[in-house]
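Asks: Let me give you the structure first, and then I'll get to my questions.
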Amino acid sequence: MGGENERLAAADDPVARVDALRPAQLDRTLGFLISMARQFIHRGFVQRFAEVDLTPNLYSILALLEANGACRLSDIGAALGILQTNLVKRVDELVERGFVTRQADPVDRRAKALVLTPAGRDFLVRLHAIHDEWEAMLVQRLGTDDHQLLLALLQKLLFGERLDGEPDHPPALLDED
C-alpha cells in the first residue's frame, strides 16, 4: 500500500483509495485481518437476512435450539458469547415473534429453558436456505479446500490448546448484531 501519489491517483475509485490508505503491516496482522473478515461476513449476513428481519445472534440462538433442544438461557449465552442482559432482549424478540417459548427447566424449576416452537422450526427451514446460499458464496470465493482449511484454523485458534497468558476460553464474542 502506497503513499500520497497512489492515493490521489485512485481518487476516482473509492475502494482503491481506501485500500491505499492501509499500511502494509496491517495486511500481515492476524487480528486486523480477522476483524476485517468478520465485518465483511457480518455485512453479507445482515444484507441477506434483512428480508426476514433477523440478526446473526437471533439466527444463532434458533440454530442452537434446533440442534440441542431445550436449553437454559445461561447456557445459550455462554455458548454464543452473548451477555445475559442482551440475551434476554433477544429472547424476548424471538418469543414475541412466536419462534421460541420459555418453559421451566426440567432439572431446576427455578431456571427457565428456551424451546423452539413449531413456527420456529418452520422459519428455520427458510433461514437455513438463506444461510446456505451465503456460505456457498464464501466457499466459491475461497475455494472448497481453502474454506475447509480456514474453518479448521479458526477452530484451532478459538478452541485449541490454551497457552499461558492467553485470554480466557471460550473467547467471548463481540455481542453485537
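The values are calculated or read from the model by the stated rules, or taken from the named source; none is laboratory data. Quantities reported herein were computed from a predicted structural model and do not represent experimental measurements. Cβ sites come from the backbone with ideal geometry, for glycine too, and all protein chains shown count toward neighbours.
Asks: Quick one: in region 36-72, which of the residues that are of a type in the set (S, T, N, Q), in a helix (DSSP H, G or I) and within 12 Å of the chain's Cα centre (by Cα) is farthest from Glu96 (Cα to Cα)?
Replies: Gln39
Asks: Residues in region 92-116 that are under 23 Å from the mean Cα position of the chain (by Cα) and basic (Lys, Arg): how many?
Replies: Counting residues in region 92-116 that are under 23 Å from the mean Cα position of the chain (by Cα) and basic (Lys, Arg) gives 1.
Asks: Return the pair list, or none, for Cβ contacts closer than 7 Å from residues in region 91-118 that are within 12 Å of Leu58 (Cβ to Cβ) and free of Cβ contacts under 8 Å to residues at least 40 places away in the same chain to residues that are outside any strand (DSSP E or B) and aromatic (Phe, Trp, Tyr), at least 6 apart or on different chains.
Replies: Short answer, once both residue conditions are applied: Phe99/Phe123.
Asks: Let me ask something additional. Can you tell which of Asp27, Asp12, Asp75 is at pLDDT below 90 and either surrounded by 15 or more Cβ atoms within 10 Å (Cβ to Cβ) or part of a helix (DSSP H, G or I) (or both)? I'd like the intermediate steps shown before the answer.
Replies: Details: Asp12 fails: either surrounded by 15 or more Cβ atoms within 10 Å (Cβ to Cβ) or part of a helix (DSSP H, G or I) (or both); Asp75 fails: at pLDDT below 90.
Result of the check over Asp27, Asp12, Asp75: Asp27.
Asks: Inspect all residues belonging to region 134-153 and state whether any of them is closer than 26 Å to Gln84 by Cβ and surrounded by 11 or more Cβ atoms within 10 Å (Cβ to Cβ). Before the answer, list the steps.
Replies: Step one: filter region 134-153 for residues closer than 26 Å to Gln84 by Cβ, giving none.
Within region 134-153, none of the residues are closer than 26 Å to Gln84 by Cβ and surrounded by 11 or more Cβ atoms within 10 Å (Cβ to Cβ).
Asks: Next up: Just checking, which of Arg141, Arg121 is more than 21 Å from Arg72 (Cβ to Cβ), more than 17 Å from the chain's Cα centre (by Cα) and either in a helix (DSSP H, G or I) or at pLDDT 95 or above (or both)? Give the derivation first.
Replies: Details: Arg121 fails: more than 21 Å from Arg72 (Cβ to Cβ).
Just one listed residue meets the conditions, Arg141.
Asks: Could I ask something else about it? Residues in region 91-105: is at least one touching a helix residue (DSSP H, G or I) at 6+ places or on another chain (Cβ under 9 Å), in a strand (DSSP E or B) and of a type outside the set (A, V, I, L, M, F, W, C)? Don't jump to the end; show me each part of the working.
Replies: Taking region 91-105 as the starting set, the residues that turn out to be touching a helix residue (DSSP H, G or I) at 6+ places or on another chain (Cβ under 9 Å) are 91, 93-94, 97-102.
Still in the running and in a strand (DSSP E or B): 100-102.
The next check asks that each one be of a type outside the set (A, V, I, L, M, F, W, C); those that pass are 101-102.
So far as region 91-105 goes, yes, one or more of its residues are touching a helix residue (DSSP H, G or I) at 6+ places or on another chain (Cβ under 9 Å), in a strand (DSSP E or B) and of a type outside the set (A, V, I, L, M, F, W, C).
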